[in-house]
Amino acid sequence: MEQQIPLNHEASAGSTNMRITHELPAEVVQCLENARFLHLATCTDNIPHVSLMNYTYLPSTPYSSAPVIVMTTNPASKKMNNLVLNPSVSLLVHDWVSHRPTTSTAARRLSAGTPAPPDSSLAALLFNLNSSAVSSISATINGEARLVAAGSDEERFYRAKHLEANTFDGGGGGGGDLLRRESVVGGGGEDGGRGCFVAGEEVRVIVVAIRDVRIADWKGAVRDWVIAPATAEEAHQGVNGVR
């Protein structure tokens, strides 16, 4: 019988072992570079709202020496309304392969003679991927979101970076393809929604300045990091120490 590892309540609920760094931990950067989507949590009037988002991670930019995460949104969206009232956000990102195995309910249905739905060949492929190719952690990132001024040079910069990072080779000579933002709840156009959800003039650019990050592994171990700006001396020396 597999030994159960008890969760450490102090590590999970408190900040006793909080560490300070000037850059994101390398394993979080790897996770952000591997994953395709993240979950964006916003909240107003104690009512939370979660959205599945394309994103772009930038370790630094001409507008920020600290790491940022870039997203875009329809100005009439629920998340947009929430961000205007409350810019504090939480992001969850992971690149686990998470194909659901057969459940006990499905097994009982099968034994009773009810045919089970066929397995997805794509899910089976993902399930059998070499696990060493992906990370074994999830990262919860907290920060402050802001809407970049519409029509500004900063907005054009972030929009171009976001479009570049989310344009993929469609194969077969079809050129690039961007999954439509929030494609889980809607169908894309001929360009996959790229023109509508990234390049459209009415689309607003969101930049999240990272405040802290929590790393959790599959065993339940938790580590917390605070992202602090480097002092002028540290920046000059290129120091990224942990205190």
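Assorted remarks:
- Filtered residues of region 65-78 (kept if surrounded by fewer than 21 Cβ atoms within 10 Å (Cβ to Cβ) and in contact with a His (Cβ under 9 Å, 6 or more places away or on another chain)): 66, 78
- Restricted to region 1-62, the set of strands (runs of 3 or more DSSP E) holding at least 3 residues that are out of contact with any Gly (no Cβ under 7 Å at 6 or more places or on another chain), of a type in the set (A, V, I, L, M, F, W, C) and at pLDDT 90 or above comprises 38-44, 47-53.
- The listed residues are 72, 56, 44, and the only one of them that is more than 15 Å from the chain's Cα centre (by Cα) and in contact (Cβ under 8 Å) with a residue 12 or more places away in the chain turns out to be 44.
- Number of the exception - residue 180 against (1) at pLDDT 60 or above; (2) more than 21 Å from residue 68 (Cβ to Cβ); (3) of a type in the set (Lys, Arg): (1)
- Region 216-243, residues that are modelled with pLDDT under 55 and in contact with a Lys or Arg (Cβ under 8 Å, 6 or more places away or on another chain): 242, 243
- Residue ID - farthest from residue 224 (Cα to Cα), chosen from residues in region 130-151 that are modelled with pLDDT under 85 and of a type outside the set (Ser, Thr, Tyr): 130
The values are calculated or read from the model by the stated rules, or taken from the named source; none is laboratory data. What you see is a predicted model; the values in this text were computed from it and never measured. Note: ideal-geometry Cβ built from the backbone for every residue, glycine included; neighbour counts use all protein chains shown.
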